[in-house]
Structures are given as structure tokens and as C-alpha cells.
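Note sheet for the following structure.
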Amino acid sequence: MIGLSRRGGEARDRVRYVSVDLLDAEDCRKKLGGLTQVTHIFYTAFQDRPTPVAMVAPNLAMLVNVVEAVEPIAKGLKHVSLMQGYKVYGAHLGPFKTPARETDAAHMPPEFNVEQQDFLEQRQRGKAWTWSAIRPSIVAGYALGNPMNLTLAIAVYAAMSKELGIPLRFPGTPTAYDILLEVTDAGLLARATVWAATEPKCANQAFNINNGDQFRWSEMWPKIARSFDLEVAPPLPLSLVDVMADKGPRWNAMVEKHGLARNSYQDVSAWPFAQGVFSTGYDFVADGSKARRFGFHEHIETEAMFRDLFADFRRRKLIP
């Protein structure tokens, strides 16, 4: 397995890393030009920008640069997997048709996810390799420095609440507290991604991937509180970006007090993303039955997922 990123990484058994700037076509040709043995490309890169229009160029360019650098020299290429999400359905824009299905019509462009898939569809015509598009909900798992890490943001928010001796209040809007939503466990997502990339009947298909159950924060929040031995108080809408902005010194003190891993406050917090999720005023669900019809039957209970992830964060000394 070969991992690509600008920072690179430390090699270990069966994994090595290449430091490459995916936005630079020449750097991609230079750094990836020797990867003749590649059989599968799993594309998960993402660059955020302030507007939908601005997001198209960099996100499309990175995918194009990787494929154009690897496809000509990797004669055994079998599959290109594209990581998408519910943005394909306009979930980030406002209330969208739910449950969303892979056959739903596209929304008014621009939308970089659609542009990426269009590129793969056109590039693949007449080729031996195939593609798949994987569409998870909000992904939950372990990752540091990830701007879209909801689970770790919840864990840090709860740990900070406990440190301050206050109950765990849902910081979002009253409407968000009662919407119906679902999430996608990162491990489940990884297994589904590999399945779609290696199952022949999944060739050139898109799949919604989620845990398989749905919940409301009004039900889940007390269960999360119990994982931290916290009481629950009535929700109170807060701007997490604002109220958590001054908590860096408090976090540093918690690291020293509890012997936590020395991660920066910035690496363990994702307040803009969490605030966005907790402000969602409409149901956030998609139909995952297509994957089951094609043969992927794994599922996970979301309550157990949160509980297990919080336990994992403690083992890693991310939180007390």
C-alpha cells in the first residue's frame, strides 16, 4: 500500500508513503511516475474553499493529476475508487430529498463531487479498469488535524465540560436536536470501499454507505453523556467556534493534569464542522439498500460506535 500526501509518512509493514503535492501536475508525474505496480487507486483527498465555485478547480485538479500520472504507466490498473458524500445530493446546501438515493437527479452546479465523477466516467470509457463512487454520511473515526472530525470534537467538548464541572449541553439548535440523521463508522466505510473496488458487479457504480441505523441527537446525547459520567442539561444554542476559541490554555492544562498525548488544541478540535452539524435543521439520511442488494451486508450500531470510539480515544490518551 502506498499513501500519498504532502507531508508523507513513516513507512511500516506493507505501507510506504510518497510526499507529493497533488495540486502540482508536474510533481505528480515526477513522484508517481514509477508506481507501475499500482492496481487500485483509492482517492480520498479534499481541499476546502470558501465557495462551491472555488472548490471545483482544486478538487478536480488533484484527481485528474493522480489519474493522469498513474494510469498510463500502471498497466495492471483495475479500479479507481472515488470518495464522495451526501454533498452529491445537495445536503450541504439545505433541505434535500430524503432518503437520498444514488439515482437522484443532480442539483444545480457547481459541485466538485459531480465534476470528479464525470471525469472518471469519461476517462474510463473503453478502458479495462473500472470506477466506483462511495457516498458516506458524517464519518466517525480516529484522525488528528481533520477539519471534519465530529466524534473527536464531541469528545473534547464533553471532556472540557467535565473539567469545568458543568453538565453536557447540546450546543446546537432546537431543530437540530430532533432531526433524523445517520453517520458512517470509518472502519465500516473502509471495508465497504475495498468491497466496491474488488467486487466485479460493483463496477462503475455509486453506493451510499452508512451504519444502517438512524437516530436523533435528543436520544443520543444522553447516551454520550453517560460515556463521560456527565449529567445532561437542556440544550443551549452556542457558537462553538466562538465559545471554544479561548479553551487552548485549558486544554494544555488538561494534557498536563491527565498525562494526555501532547497533541495541540488545533489538532483535536473541529469546531466549525461540529457547529455546522449541530445547526442542521433538516433530516440527513440516505438509502443504503443498494449496497446490500449488491452484496455488502455489514452494519454497526451507532450508539456502540460512539462508545467504542470514546474508549479508543482514551486508550490513545487523546482525552481523559
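Looking at the range 156-231, the trypsin sites (Lys or Arg not before Pro) that sit in a DSSP loop and have at most 16 other Cβ atoms within 10 Å of their own Cβ are 216.
When the charge dipole of the range 165-303 is built from unit charges on Cβ atoms (+1 for Lys and Arg, -1 for Asp and Glu) and taken about the Cα centre, the candidate among 194, 239, 251 whose Cα reaches farthest toward its positive end is 194. Fully extending the segment from residue 143 to residue 199 would add 17.4 nm, taking 0.36 nm per residue of separation and subtracting the current Cα-Cα distance. Residues considered: 12, 29, 49. Largest GNM mean-square fluctuation over the chain, using C-alpha springs under 10 Å, is found at 12.
Bridge orientation summary for the chain: considering DSSP beta bridges with both residues in this region, about 5 percent are antiparallel.
The alpha-carbon of residue 127 sits under 23 angstrom from the alpha-carbons of these lysines, leaving out residues fewer than 8 places away in its chain: 75, 78, 201.
Legend: Rg and Dmax of the range 178-224, from Cα coordinates, 14.2, 43 Å. Among the protein heavy atoms of the chain, carbon and sulfur supply 53% of the accessible surface, probe 1.4 Å, non-protein parts ignored. When the charge dipole of the chain is built from unit charges on Cβ atoms (+1 for Lys and Arg, -1 for Asp and Glu) and taken about the Cα centre, the candidate among 92, 150, 82 whose Cα reaches farthest toward its positive end is 82.
Spin-label model, residue 253/residue 68: points 7 Å from Cα along the beta carbon direction are separated by 5.4 nm. Heavy atoms of the protein chains alone define the surface here; on that basis the range 5-143 has 52 Å² accessible area per residue at 1.4 Å probe size.
Normalised by residue number, the volume inside the convex hull of the Cα atoms of the chain is 140 Å³ per residue. For the chain, find the longest principal axis of its Cα atoms and tell me its angle to the long axis of helix 52-70, 0 to 90°, nearest 10. Helix 52-70 sits at roughly 50 degrees to that axis.
Pairs of Cα atoms in the range 1-132 fall into 5 Å distance bins, from 0 up to the last occupied one, in shares of 2, 9, 19, 21, 19, 13, 9, 6, 2, 0 percent.
The residues of the range 165-234 expose, per residue, 41 Å² of accessible area to a 1.4 Å probe.
Phi angles of the range 219-226 translate, via the Karplus equation with coefficients 6.51, -1.76, 1.60 and θ = phi - 60°, into HN-Hα couplings of 8, 7, 4, x, 5, 5, 4, 5 Hz per residue; Gly and Pro are given as x. Placing a label point 7 Å from the Cα of residue 97 along the Cα-to-Cβ direction, the residues of the range 269-292 whose backbone N falls under 19 Å of that point are 282-291. All distinct Cα pairs of the range 186-320 go into the 1/r average, and the inverse of that average, the Kirkwood radius, is 17.9 Å. In straight-distance terms, cross-link reach from residue 257 covers every one of the aspartates and glutamates whose alpha-carbon lies under 15 Å from its own, apart from those fewer than eight places away in the same chain; here that gives 163.
The values are calculated or read from the model by the stated rules, or taken from the named source; none is laboratory data. Here the structure is a predicted model, which means the values were calculated and not measured. Cβ atoms come from the backbone with ideal geometry, glycine included; neighbour counts cover every protein chain shown. Side chains are part of the model used for accessible areas, which takes the heavy atoms of the whole protein and leaves out ligands, DNA and RNA. Shrake-Rupley method; radii C 1.70, N 1.55, O 1.52, S 1.80 Å.
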